Amino acid sequence: MLLRDKFGRAITDLRISITDRCNYKCVYCRTGNEGALYGDLPFTDYLRMARVLVGMGITKVRLTGGEPLLRNGVVEFVRELAKLRTANQNGDVLDIALTTNGHLLADLAQPLKDAGLTRVTVSMDAVDPDRFARITRVPNGYDHVLTGVRAARRAGLWPLKVNCVLMRGFNEDQIIPFGMFAREEGVTVRFIEFMPLEEGRTWAPSTVVTLDEILARMAEYRPLVEIPHARSETARRYRFDDGVGEIGIIAPVSHPFCGHCSRIRITSDGKIRTCLFSVWDHDLHAQMRRGASDEELEEFIRGVVAKKEERHHIGEPDFVPASRTMVHIGG
Ligand code: SAM
């Protein structure tokens, strides 16, 4: 029986944070002073959680963090996850993806591909090295990340997506340069609206560069044509009029897509979160520690998923900040 919440949404997409440590201090995510708060678990524990969930209809597993490539043994973990491909009850091929800042990707792209990773998304918030350093608060990161992006493409980690969070005052002038980058590098660049999930609590509606603004700015460069997208896809997709280059826009603030949300998350310390903006999480790992069987874990998960929030309340008077910030959830 497929995993469904009480609003009838099928849950098919699992994100596992394998650490809440990160080697970057991006201005829209971290203060630069905080470190890891929750720690991480042995890979065997995440693997058991993934196995149980794949048996319940999960068809896509994305590894995230913190920065997932900081975890020793990530390649072996992907190899073990890939063995779950035969376990899916619906005959779907399990998609195994990774979100990374790309700093350590150059050397790991091919081993990850060989281990069974399907595709990768690299976060990159400027195509200018100085601006990149100002946003990430790490010197010389840009060259590492660009080399990582190219290594991922060579390794066949495809489709290759580059995610750019736009934050007013930092990088809204990077929209057109990223359009050029998408065309030159043959990657899909996806712009993400800044959400109130940062450690510094600096978010305000005025800091969000919205979908409409991104489209208007990009149209000054070249006309865009919208590409039809699946309802559960978070990004609206566009190609340039000459067919060269694709961009996407993920607009959770100005155009929420909660009604089609198919995701749950497991944090690095083994808690289930049913929404990025949840004000509590559910301790799956505690169930394992007390010796729960796989059937008991399934029952626990079904109970948690049933309580999945209908939608987020960003920008509304009753908005309550999430109980964790993005780096400690796993985006
Ligand atoms: N370290 C990895 C990375 O950089 O991709 C994975 C973790 S990071 C938390 C996952 C994604 O969340 C990145 O694409 C990042 O840009 C995005 N993100 C972080 N804080 C955000 C915020 N406040 N609003 C929107 N996206 C955010």
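The values are calculated or read from the model by the stated rules, or taken from the named source; none is laboratory data. Keep in mind that what you see is a predicted model, and the values were worked out from it rather than measured. Cβ coordinates were reconstructed from backbone atoms using ideal geometry, including for glycine residues, and neighbour counts include every protein chain displayed.
Data table
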read-out: Residue tally, condition over 25 Å from Leu63 (Cβ atoms) and surrounded by 13 or more Cβ atoms within 10 Å (Cβ to Cβ), over the range 286-298; value: 1
read-out: Cβ-Cβ under 8 Å pairs, at least 6 apart or on other chains, the range 261-289 side farther than 16 Å from Asp40 by Cβ, far side among the aromatic types (Phe, Trp, Tyr) and surrounded by fewer than 20 Cβ atoms within 10 Å (Cβ to Cβ); value: His282/Phe300; Gln287/Phe300
read-out: Count of the range 1-39 residues which are away from the ligand (no atom under 13 Å from the Cβ), touching a strand residue (DSSP E or B) at 6+ places or on another chain (Cβ under 8 Å) and under 19 Å from Thr267 (Cβ atoms); value: 4
read-out: Checking Pro111 against (1) farther than 28 Å from Gly315 by Cα; (2) surrounded by fewer than 23 Cβ atoms within 10 Å (Cβ to Cβ); (3) within 10 Å of the ligand (Cβ to nearest atom), the condition it does not meet; value: (3)
read-out: Unmet criterion (only one of (1) farther than 19 Å from Pro159 by Cα; (2) within 13 Å of the ligand (Cβ to nearest atom); (3) in a strand (DSSP E or B)) for Val225; value: (2)
read-out: Some residue of the range 116-138 being on the phi > 0 side of the Ramachandran plot, surrounded by 22 or more Cβ atoms within 10 Å (Cβ to Cβ) and within 16 Å of the ligand (Cβ to nearest atom); value: no
read-out: Subset of the range 305-322 [surrounded by fewer than 19 Cβ atoms within 10 Å (Cβ to Cβ) and over 16 Å from Trp203 (Cα atoms)]; value: Ala306, Lys307, Glu309, Glu310, Arg311
read-out: Residue, modelled with the highest pLDDT, within the range 183-203, restricted to residues that are among the basic types (Lys, Arg) and either surrounded by fewer than 19 Cβ atoms within 10 Å (Cβ to Cβ) or more than 10 Å from the ligand (Cβ to nearest atom) (or both); value: Arg183
read-out: Criterion (modelled with pLDDT under 95 and either within 16 Å of the chain's Cα centre (by Cα) or among the charged types (D, E, K, R) (or both)) met by exactly one of Asp125, Asp114, Asp92, Asp130; value: Asp92
read-out: Elements of type helices (runs of 4 or more DSSP H) contained in the range 118-205, each with 2 or more residues being of a type in the set (A, V, I, L, M) and touching a residue at least 24 places away in the same chain (Cβ under 8 Å); value: 141-155, 175-185
